[in-house]
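Structure first, then comments.
The values are calculated or read from the model by the stated rules, or taken from the named source; none is laboratory data. As the structure is a computational prediction, the values presented were derived from the model and not from experiment. Counting neighbours? That spans all protein chains shown, and the Cβs are built from the backbone with ideal geometry, glycine included.
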Amino acid sequence: MISRLMALPQFTMFLSLALCSGAFVFFMFVLDLSLVLSLVLGVILYVGLHLILTAADPAAKETKLLLRAAKVKLELLRSASYHISNPRIQNDVNEIVGASMQIMLLIQKKSADLPASKQLLTFYLDNTLEMVNRYVSLSSKSYLNASSNEVLRKIEEVLEGVKVNFIAQYNKLLINDLSDLAIKMDAVSQMLEWEDAK
């Protein structure tokens, strides 16, 4: 429980702020320092604590790097989709981008380790980007032989499957998120019932 709390960015900010507020009061009233000096020392302490607490969590740092890399890949996918002439394939790519962005938002919100989502945003997204670039390259040619047409058809089939997987992963995360919310709501309503019973 404590480790999950520590992973939340709001918790580290609140903890830093609480400690620095206490330090400000200590500097101001116990050490009898001036208001300005106490305030400056409190701000310096806040920045230092916040940097230490956020740097101490390697999982949060890894998640942040993963999300940044995924965002770059999604921008590349989105720009590649503008060069696709087949509207169905262009729509599939846009749906993959949309589902990926929703997955990224849920990962940011939860600040938790989600291995399946991380695999989607690394391995699958890399391969999807490679396939879309290959599709754009092949479909832009004026003449295609039979093997090139076969490659295009296979990429179209695979992209449809990738789209389904990304949407399924997003729905799975959303259901987990909603069930977490339902559990919290049940706990709060139970607490309110106990308060009413008193």
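Numerical summary
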item: Condition check for residue 61: modelled with pLDDT of 85 or more and surrounded by 12 or more Cβ atoms within 10 Å (Cβ to Cβ); result: no
item: So residue 126, is it in contact (Cβ under 8 Å) with a residue 40 or more places away in the chain and either at positive phi or surrounded by fewer than 16 Cβ atoms within 10 Å (Cβ to Cβ) (or both); result: yes
item: Subset of segment 113-170 (residues that are more than 23 Å from the chain's Cα centre (by Cα), part of a helix (DSSP H, G or I) and among the small types (Gly, Ala, Ser)); result: 137, 139, 146, 147, 148
item: Failed item, numbered, when residue 97 is tested on (1) over 24 Å from the mean Cα position of the chain (by Cα); (2) surrounded by 14 or more Cβ atoms within 10 Å (Cβ to Cβ); result: (1)
item: Segment 7-22, subset out of contact with any helix residue (DSSP H, G or I) (no Cβ under 7 Å at 6 or more places or on another chain) and part of a helix (DSSP H, G or I), residue modelled with the lowest pLDDT; result: 9
item: Single residue of segment 130-148 satisfying the filter (touching a helix residue (DSSP H, G or I) at 6+ places or on another chain (Cβ under 9 Å) and over 17 Å from residue 93 (Cα atoms)) that is surrounded by the fewest Cβ atoms within 10 Å (Cβ to Cβ); result: 141
item: Residue within segment 59-70 that is farther than 16 Å from residue 118 by Cβ, part of a helix (DSSP H, G or I) and in the same structural domain as residue 165 (by TED's automatic domain parsing) present; result: no
